[in-house]
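J.: Below is a structure I'd like to ask you about.
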Amino acid sequence: EVLDACLSDAFDPDDKETLEFLSTFKCFRLPSEDNIQKIILEVAHQELIQKPRYVVNSWAPIVNALGSHYYFQTLEGLNGLYDSKRPTAKRLIKLFRAEPSSDAERQSLEYLKKFVKSLEGKALNKFLQFCTGSDVITTDSIEVSFSSLEGLQRRPVARTCVPLLELPTTYESYPALVEEFTNVLNEAQAWSFDIV
């Protein structure tokens, strides 16, 4: 609306909205009927050409270096890379690294694997994001350690920096693990990660 007003015959160089609009783009020249078109063209050039070009120049060395890798040479290769990073139950289970030393630990690990096999689509992404902080596979493994938390303290705990999943060994049944993990994953709106 401000641009339309600037380019119309009813242009008012002293209009507060015009001055505020131009100042948001760090343009502090006083507009007049003679220079408003030139000012708008310069602001547009800055926003549409100069700022994106700065980003392109910053990323160019990194992107050029990627060109030598197989995945970045063809569109099929890039699609293959994306597909290999998409979580599936089988891929997630292969990421688990655990050394259970008791029957309770082995049973909890089996419950965890069974739970992951039951997940599909967005639920798999949520599970992976809970464990690693990313909803795509960005790690070679997920360490699984065991805790003996009971009662109200019992819950799966994820440490995304490692990544490490602390799994309680006090589940009396598979449905108990499913209920706790489902509650944690359903609370995904309360925790969020933004990883580029």
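J.: Loop only by DSSP, 11 or fewer other Cβ within 10 Å of the Cβ. Give me the chymotrypsin sites (Phe, Trp or Tyr not before Pro) in segment 124-180 that pass, ordered by residue number.
T.: Nothing satisfies the criteria.
J.: Let's test the formula: R0 of 41 Å, r as the Cβ-Cβ distance of residue 90 and residue 153. What FRET efficiency results, to the nearest 0.05?
T.: It comes out at approximately 0.80.
J.: For the chain, modelled as a GNM with alpha-carbon contacts under 10 angstrom, which of 147, 68, 23 fluctuates the most?
T.: Top of the fluctuation ranking is 23.
J.: Between the helical axis of 174-186 and the dominant principal axis of the chain, each derived from Cα atoms, what acute angle in degrees is found, rounded to the nearest 10?
T.: Between helix and principal axis, roughly 10 degrees.
J.: Moving on. Please find, in a Gaussian network model of the chain (springs between Cα atoms separated by less than 10 Å), the residue of 90, 38, 113 whose mean-square fluctuation is greatest.
T.: The residue with the greatest mean-square fluctuation here is 38.
J.: Counting only helical runs of four or more DSSP H residues, what would the 222 nm mean residue ellipticity of the chain come to if each run contributes -39,500 (n - 2.57) and the total is spread over all its residues? Don't skip to the answer; put the middle values down first.
T.: Numbers: 9 runs with 99 residues, N = 196.
Result for the chain, helices only: -15500 deg cm²/dmol.
J.: Rounded to the nearest percent, how much of the accessible area of the chain (1.4 Å probe, protein heavy atoms only) is carbon and sulfur?
T.: 53 percent
J.: I would also like to ask the following. What number comes out for accessible area per residue over segment 53-188 if the probe is 1.4 Å? Units Å², please.
T.: Working: 8390 Å² over 136 residues.
Heavy-atom SASA per residue in segment 53-188 reads 62 Å².
J.: Which loop GluC sites (Glu not before Pro) in segment 118-190, with loop taken from DSSP, have no more than 10 other Cβ atoms within 10 angstrom of their Cβ? Working shown, then result.
T.: Numbers: sites: 120, 143, 150, 166, 172, 179, 180, 187; in loops: 120, 150, 172.
Filter output for segment 118-190: 120, 150, 172.
J.: For residue 102 and residue 58 in the same chain, what is the full-extension length gain: residue separation times 0.36 nm, less their Cα-Cα distance, in nm?
T.: Here the segment from residue 102 to residue 58 would lengthen by 10.6 nm.
J.: For residue 177, what charge total do you get from the other residues with a beta carbon under 14 Å from its beta carbon, if Lys and Arg give +1 and Asp and Glu give -1? All intermediate terms of the calculation are to be shown ahead of the outcome.
T.: Working: positive: 106, 113, 114, 117, 154, 155; negative: 105, 110, 150, 166, 172, 179, 180.
Taking every other residue near residue 177 into account, the sum is -1.
J.: If you take every DSSP beta bridge fully contained in segment 119-171, what fraction is antiparallel? Give it as a percent rounded to 5.
T.: 40 percent
J.: On a 0 to 90 degree scale, rounded to 10, what angle separates helix 103-118 from the longest Cα axis of the chain?
T.: Between the helix axis and the principal axis of the chain, the angle is about 40 degrees.
J.: With both bridge residues required to lie in the chain, what share of the DSSP beta bridges run antiparallel, to the nearest 5%?
T.: Bridges in the chain are about 25 percent antiparallel.
The values are calculated or read from the model by the stated rules, or taken from the named source; none is laboratory data. The model shown is predicted, which means the values in this text are computed figures rather than measured ones. Cβ: placed from backbone, ideal geometry, glycine included. Neighbour counts: every protein chain shown. The protein model used for the area step is the full one, side chains on, heavy atoms only, and it has no ligands, DNA or RNA in it. Shrake-Rupley method; radii C 1.70, N 1.55, O 1.52, S 1.80 Å.
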